[in-house]
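Engineer: One structure, pasted below without further comment.
The values are calculated or read from the model by the stated rules, or taken from the named source; none is laboratory data. Bear in mind the structure is a predicted one, so any value in this text is a computation, not a measurement. When we count neighbours, we look across all protein chains shown, and the Cβ atoms used for this are built from the backbone with ideal geometry, even at glycine.
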Amino acid sequence: MTLSPTTSGLVVIGILFALLATGMPIAFALGLTAIFGLLMASGWGVFEVLAETMFAGIANLAYVSIPMFVLMGAAVAATPAGRDLYEALDRWLNRVPGGLVLSNIGACAIFAGMTGSSPATCAAIGKMGIPEMLKRGYPASVATGSICAGGTLGILIPPSVTMIVYGIATETSIGRLFLAGVMPGLMLTAMFMAWSLYDCSRKGFRFDDRGTRFSFSQKLEALPKVLPFLIIILGTLYVLYGGVATPSEAAGAGAFLTLGVVIVMYRLFRPKPVFEIFSSTLRESVMIMMIMASAELFAFALSSLFITQTVAASIAGLDVNRWVLMAIINLFLLVAGMFLPPVAIIVMSAPLLYPIIVSSGFDPYWFAVILTINMEIGLITPPVGLNLFVVNAIAPQVPTAQVLKGALPYVLLMIGGIVVLSIFPGIVTWLPDTVMGPVK
């Protein structure tokens with residue numbers, strides 16, 4: 001009996017969620033579901049193309065930049081760089097009302113640019129920031145919620161692995177995507193800071209903890225351990241946008257310099273810590289590549305069952321305003337982000353949504369930012385909010401309900417950010433158009 005595309009889609013999605021519910025890794029769940037779907041479509045002969053299809057999903061030279069940027073993040077995350085960044089900002093902002101919470105969110109934003117990873121940002125800054133804020137009397141919801149939200153900036157502020165994946169999946173410029181994330185990233189950082197200060201004030205917290213004073217020389221002492229990393233990030237972006245190197249070459253140079261600075265600055269001259277950095281890089285890179293290869297196979301299965309074509313035709317055939325269409329897409333991304341990791345969602349959905357977005361008159365680089373913010377929301381919403389688990393491990397004394405309560409306002413802020421970017425898309429497109437010229 002031949003099933004209709006709609007019925008086949010429901011069966012395939014049901015199998016996928018059933019496998020995910022068992023705790024199976026996303027790559028294996030996608031792969032097994034895809035194999036079942038292909039058996040439904042083509043029978044046993046499908047095994048002749050499995051390996052070729054999966055390899056085609058990752059056989060792209062641009063993917064070389066992913067492990068390089070992951071190596072940069074692993075090198076920074078394996079050292080006290082997060083602590084040094086946090087302490088540097090705390091010394092410079094300790095006389096500012098609410099300076100500690102500003103230091104935490106600011107450190108998250110900068111560290112995000114160093115690592116491109118939300119969990120790494122959340123863990124590195126949270127280990128220092130959450131205990132310190134709790135010690136100084138900051139509300140627990142603010143201490144945990146601000147770190148949860150600040151950590152999500154890792155996938156928006158460049159260099160961002162998710163932006164690289166989107167660029168490859170949609171054949172758009174990775175350099176332009178990086179630039180597109182800068183202004184929205186700064187906007188969300190400012191919104192997080194403003195809300196945190198307001199939330200502290202309305203809960204009766206008084207910003208009068210200024211007992212610790214730092215001289216100007218002490219403030220300057222903290223900079224040498226932070227500036228080299230910032231210079232590397234700015235240098236990497238310069239060679240990328242200055243036409244000096246391709247994204248892969250820029251990522252390789254950045255990874256090499258970051259690793260060298262880390263080894264010299266923190267005296268990692270023994271083989272073990274360097275081996276751990278490369279081991280961490282290998283694990284995360286293989287995980288990402290496995291997800292991408294399995295997602296390619298999954299997409300092929302959906303196409304073979306005519307599910308992709310049916311969904312695309314149904315969405316394109318909706319006789320609705322394009323903003324209603326965008327709201328439907330956002331709702332889909334929001335729900336998907338609650339269950340699946342960002343890389344998997346982008347690889348599976350971007351090729352399907354890209355032509356619909358472009359045909360509806362939306363800028364693909366603007367949509368990349370909207371998609372990424374939806375992925376950020378998924379990182380701090382249950383049931384699979386990864387940053388929530390990271391914060392819960394850092395501060396087990398804070399009840400999970402309190403962490404969720406503290407994170408919810410930041411979810412609303414990110415939804416508000418999507419609305420602002422929809423009204424003023426120039427916030428996204430201004431910097432790429434200024435640096436690289438308008439899209440032709």
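Engineer: Among the residues of segment 389-409 satisfying the criterion of being surrounded by fewer than 24 Cβ atoms within 10 Å (Cβ to Cβ) and touching a Leu at 6+ places or on another chain (Cβ under 9 Å), which is farthest from Leu156 (Cα to Cα)?
Structural biologist: Here the answer is Gln397.
Engineer: Okay, moving on. With respect to the numbered conditions (1) out of contact with any Gly (no Cβ under 6 Å at 6 or more places or on another chain); (2) within 22 Å of Gly417 (Cα to Cα); (3) at pLDDT below 85, which one is the sole condition not fulfilled by Ala316?
Structural biologist: It is condition (2) that Ala316 fails.
Engineer: Would you confirm, using the coordinates I've provided, whether Thr152 is closer than 16 Å to Leu371 by Cα and part of a helix (DSSP H, G or I)? Lay out the reasoning, then the answer.
Structural biologist: Working: closer than 16 Å to Leu371 by Cα: yes; part of a helix (DSSP H, G or I): yes.
For Thr152, the condition - closer than 16 Å to Leu371 by Cα and part of a helix (DSSP H, G or I) - is met.
Engineer: Would you please list the contacts, defined by Cβ atoms under 6 Å and residues six or more apart or on different chains, that run from a residue in segment 222-235 that is over 13 Å from Phe111 (Cα atoms) to a residue that is of a type in the set (S, T, N, Q)?
Structural biologist: none
Engineer: Step by step: first the residues of segment 134-156, then only those that are in contact with a Leu (Cβ under 8 Å, 6 or more places away or on another chain) and surrounded by fewer than 24 Cβ atoms within 10 Å (Cβ to Cβ), then the one that is nearest to Pro399 (Cα to Cα). Which residue is that?
Structural biologist: Within segment 134-156, the match that is nearest to Pro399 (Cα to Cα) is Ala140.
Engineer: Residues to consider are Thr189, Thr79, Thr144; find the one that is among the polar types (S, T, N, Q), closer than 25 Å to Phe389 by Cβ, in a helix (DSSP H, G or I) and more than 18 Å from the chain's Cα centre (by Cα).
Structural biologist: Working: Thr189 fails: more than 18 Å from the chain's Cα centre (by Cα); Thr79 fails: in a helix (DSSP H, G or I).
The match here is Thr144.
Engineer: How many of the residues in segment 380-408 are of a type in the set (Val, Ile, Thr), free of Cβ contacts under 8 Å to residues at least 60 places away in the same chain and assigned to a helix (DSSP H, G or I)?
Structural biologist: Going through segment 380-408, the residues of a type in the set (Val, Ile, Thr) turn out to be 380-381, 384, 390-391, 394, 398, 400, 403.
Adding the requirement that they be free of Cβ contacts under 8 Å to residues at least 60 places away in the same chain leaves 381, 384, 400.
The next check asks that each one be assigned to a helix (DSSP H, G or I); those that pass are 400.
The qualifying residues number 1.
Engineer: Quick one: is Val369 under 27 Å from Glu296 (Cα atoms), buried (at least 21 other Cβ atoms within 10 Å of the Cβ), of a type in the set (Val, Ile, Thr) and at pLDDT 85 or above? I'd like the intermediate steps shown before the answer.
Structural biologist: Values: under 27 Å from Glu296 (Cα atoms): yes; buried (at least 21 other Cβ atoms within 10 Å of the Cβ): yes; of a type in the set (Val, Ile, Thr): yes; at pLDDT 85 or above: yes.
Judged against the criteria, Val369 is a match.
Engineer: From the list Gly45, Gly57, Gly31, pick out the single residue that is assigned to a helix (DSSP H, G or I) and either of a type in the set (Phe, Trp, Tyr) or modelled with pLDDT of 75 or more (or both).
Structural biologist: Testing whether each residue is assigned to a helix (DSSP H, G or I) and either of a type in the set (Phe, Trp, Tyr) or modelled with pLDDT of 75 or more (or both) leaves just Gly31.
Engineer: Select from segment 409-425 the residues that are part of a helix (DSSP H, G or I) and without any contact (Cβ under 8 Å) to a residue 12 or more places away in the chain and list them in ascending order. Walk me through it before giving the result.
Structural biologist: The initial filter retains those residues of segment 409-425 that are part of a helix (DSSP H, G or I), namely 409-423.
Answer for segment 409-425, where residues must be part of a helix (DSSP H, G or I) and without any contact (Cβ under 8 Å) to a residue 12 or more places away in the chain: Leu412, Val419, Ile423.
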